[in-house]
Amino acid sequence: MKNFYDLTAAELADYLVSKDIKKFRAQQLYKWIYGQNETDFNNMTDISKTLRAQLPELLSLDLPAMLTEHISKDGTRKYLFDMGEGRSVESVLIPSGDRLTLCVSSEVGCNMACKFCYTAKQKLQRRLKASEIVGQLLGVSSKLPEDMRITNVVFMGMGEPLDNSDEVFRSIEIMHHSWGLNMSRKKITVSTSGIVPEMHKVADSGARLAVSLNGVNDEVRSGIMPINKRWPLTDLLQACRDYCDTTGDRVTLEYVLLKDVTDSIEDARALYELTKDIPCKINIIPFNEHPNSGFQRPSERAIQRFQNALMDAGSHVLRRKTMGRDIYAACGQLTTVAKQQNDFQPATV
Ligand code: SAH
């Protein structure tokens, strides 16, 4: 027995063939299930009755259950999904102009130990299966009105996607397939803390790459992101250049502004120097608070000063709008363990 949602179209076809079922049935199943939202094999009228009766023994259609939905004042929505055995992950839906972006999780907890991130306080408990990643997209989509569709998917929720590459890229393959959800690969972004040897896989998958840079030299970066000790800046930036060379696309560099740690004018200039030969856009993210983080968000003035210095130097820079802070749905605020410990304190915006 396999879970249908764990299988790419090619894997489904191979599996069916191994059970003496014709390959073209894979296309029919993909179209029914992803295209028509039909999950009752009995209603799949172009499939023979004998096969319809056989399918429930071969394929399960289990998806993670949605436990809660929180709605922010700014329209952001946060969903909690049950991953079994008391584990859960969060997904965040972010409306912005014509776009409806879903931020998905790839792991329960995370082992990267970035000092400023709330998820990192929850050590890695389990890597998600493709069905559990695709399931976040299907679960949230099912809550939307008929005429609304998720346009973009970003792997920026809980977990480090490149610590779970096989299932992450499998889920991208599934989301992309034209028989099914038919999402453009370019509308899917994988964000990494910098697992350098896995980064080429993002280019291979056709998805877009975002990298959490967050420090302008190895000393600062290693201080807040232990992964930098393993793969320092030179290696990380080379992997970014390789991505740009292979795809012809720009890489997104995320840079969290931490008061007195990463937010000085000198940092802004150093950031420009470090990245000036890389086709990139820089996304600055003012730090979002969480309990006992030990870090502070810079003042509005300091954020502006940093952004201007970076722009004046010549970088292409965007400030990521803080969304969903009142429901703890902003960057770096996702966790599913604190709530169980009762220290869940939504911030006031
Ligand atoms: N593990 C991946 C995916 C997480 S994406 C990665 O590191 O890229 C989450 C983004 O939010 C990352 O760019 C991270 O640096 C940033 N972030 C983490 N904690 C934050 C916080 N408290 N405030 C603002 N941004 C944060």
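The values are calculated or read from the model by the stated rules, or taken from the named source; none is laboratory data. Please read these numbers as outputs of a predicted model, since none were measured by experiment. Neighbour counts run over all protein chains shown; Cβ positions are idealised from the backbone, glycine included. Just so you know, the surface numbers come from the protein's heavy atoms only, side chains and all, with ligands and any DNA or RNA stripped out. Shrake-Rupley method; radii C 1.70, N 1.55, O 1.52, S 1.80 Å.
With a 1.4 Å probe and all protein chains in place, put K123, K129 in order of accessible area, largest first.
Details: K123 120, K129 90 Å².
Sorted descending by solvent-accessible area, the residues read K123, K129.
Quick one: putting +1 on the C-beta of Lys and Arg, -1 on the C-beta of Asp and Glu, what dipole do you get for region 151-227 around its Cα centre, in Debye to the nearest 20? Let's see the in-between values first.
Details: 7 positive and 9 negative charges, 88 e Å.
Approximately 420 debye in magnitude.
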Subject >> Eligible aspartates and glutamates near K115 by straight Cα distance, threshold 17 Å, same-chain separation 8 or greater >> reply: E160, D218, E219, E254, D260, D263, E289
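Based on Cβ point charges of +1 for Lys and Arg and -1 for Asp and Glu, what charge dipole magnitude is obtained for the chain about its Cα centre, in debye rounded to the nearest 20? List each step's numbers first, then the result.
Values: 44 positive and 44 negative charges, 74 e Å.
Charge dipole, the chain, about its Cα centre: 360 debye, nearest 20.
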Original post:
Taking the Cα atoms only, what angle lies between the long axis of helix 300-313 and the longest principal axis of the chain, rounded to 10 degrees?
Top reply: 90 degrees
Original post:
Contour minus end-to-end for E219 and K281, with contour as 0.36 nm per residue of separation and end-to-end as the Cα-Cα distance?
Top reply: 20.0 nm
Original post:
With +1 on each Lys and Arg Cβ and -1 on each Asp and Glu Cβ, how big is the dipole of region 99-148 about its Cα centre, in debye rounded to the nearest 20?
Top reply: 400 debye
Subject >> Relative contact order of the chain, pairs being alpha-carbon contacts under 8 Å that are 6 or more residues apart, as % >> reply: 15 percent
**OP:** Choose one answer from D20, D263, D147: the residue with the largest mean-square fluctuation in a GNM of the chain with alpha-carbon springs under 10 Å.
**Re:** D147
Original post:
What Cys residues in the chain are without a partner cysteine, judged by a Cβ distance under 4.7 Å?
Top reply: C103, C110, C240, C244, C280, C331
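Averaged per residue, what accessible surface does region 66-343 expose to a 1.4 Å probe, in Å²?
Values: 11660 Å² over 278 residues.
On a per-residue basis, region 66-343 sits at 42 Å².
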**OP:** Give the long-range amide H neighbours of L100: residues separated by 5 or more places, or on another chain, with amide H under 5 Å away, using H modelled in the peptide plane at 1.01 Å from N.
**Re:** T151, N152
Subject >> Residues of type aspartates and glutamates that K19 reaches as a straight line, Cα spacing below 15 Å, ignoring anything fewer than 8 places off in the same chain >> reply: E11, E57
Subject >> Mean Cα-pair separation over length for region 67-222, i.e. relative contact order, pairs under 8 Å, 6 or more apart, % >> reply: 17 percent
Subject >> Separation between Cα centres of region 35-69 and region 135-182, rounded to whole Å >> reply: 19 Å
Original post:
Of L137, S191, T246, which is farthest on the positive side of the dipole of region 126-247, counting Cα position, with +1 on Lys and Arg Cβ, -1 on Asp and Glu Cβ, and the Cα centre as origin?
Top reply: L137
**OP:** With springs connecting C-alpha atoms under 10 Å apart, model the chain as a Gaussian network and identify which of R126, R52, R269 has the largest mean-square fluctuation.
**Re:** R52
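Could you please state how large a percent of the accessible area of region 6-140 is carbon and sulfur, counting protein chains only and using a 1.4 Å probe?
Numbers: 2960 of 6230 Å².
So the carbon and sulfur contribution to the accessible surface is 48 percent.
Which percent, nearest 5, of DSSP beta bridges in the chain are antiparallel? Please report the intermediate quantities before stating the final value.
Values: 19 of 44 bridges.
In the chain, approximately 45 percent of DSSP beta bridges are antiparallel ones.
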Original post:
Cα centroid distance between region 1-32 and region 233-293, in Å?
Top reply: 41 Å
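Would you compute, from DSSP H runs of 4+ residues alone, the mean residue ellipticity of the chain at 222 nm, taking -39500 (n - 2.57) per run and dividing by the full residue count, rounded to the nearest 500? Don't skip to the end; give the middle numbers.
Working: 11 runs with 107 residues, N = 349.
Calculated at 222 nm, the ellipticity per residue is -9000 deg cm²/dmol.
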Subject >> For the chain, built as a Gaussian network whose Cα springs stay under 10 Å, the top-fluctuating residue of E57, E160, E38 >> reply: E57
**OP:** Please sort by residue number the GluC sites (Glu not before Pro) in region 118-207 whose DSSP state is loop and whose Cβ has at most 14 other Cβ atoms within 10 Å.
**Re:** E146
Subject >> Per-peptide average of other Cβ atoms within 10 Å, ordering 326-332, 96-102 highest first >> reply: 326-332, 96-102
Original post:
In sequence order, what are the phi-derived ³J(HN,Hα) couplings for region 234-251 according to the Karplus relation 6.51 cos²θ - 1.76 cosθ + 1.60 with θ = phi - 60°, rounded to whole Hz, with x for glycine and proline?
Top reply: 4, 5, 5, 5, 5, 5, 5, 4, 4, 4, 5, 4, 5, 9, x, 9, 8, 9
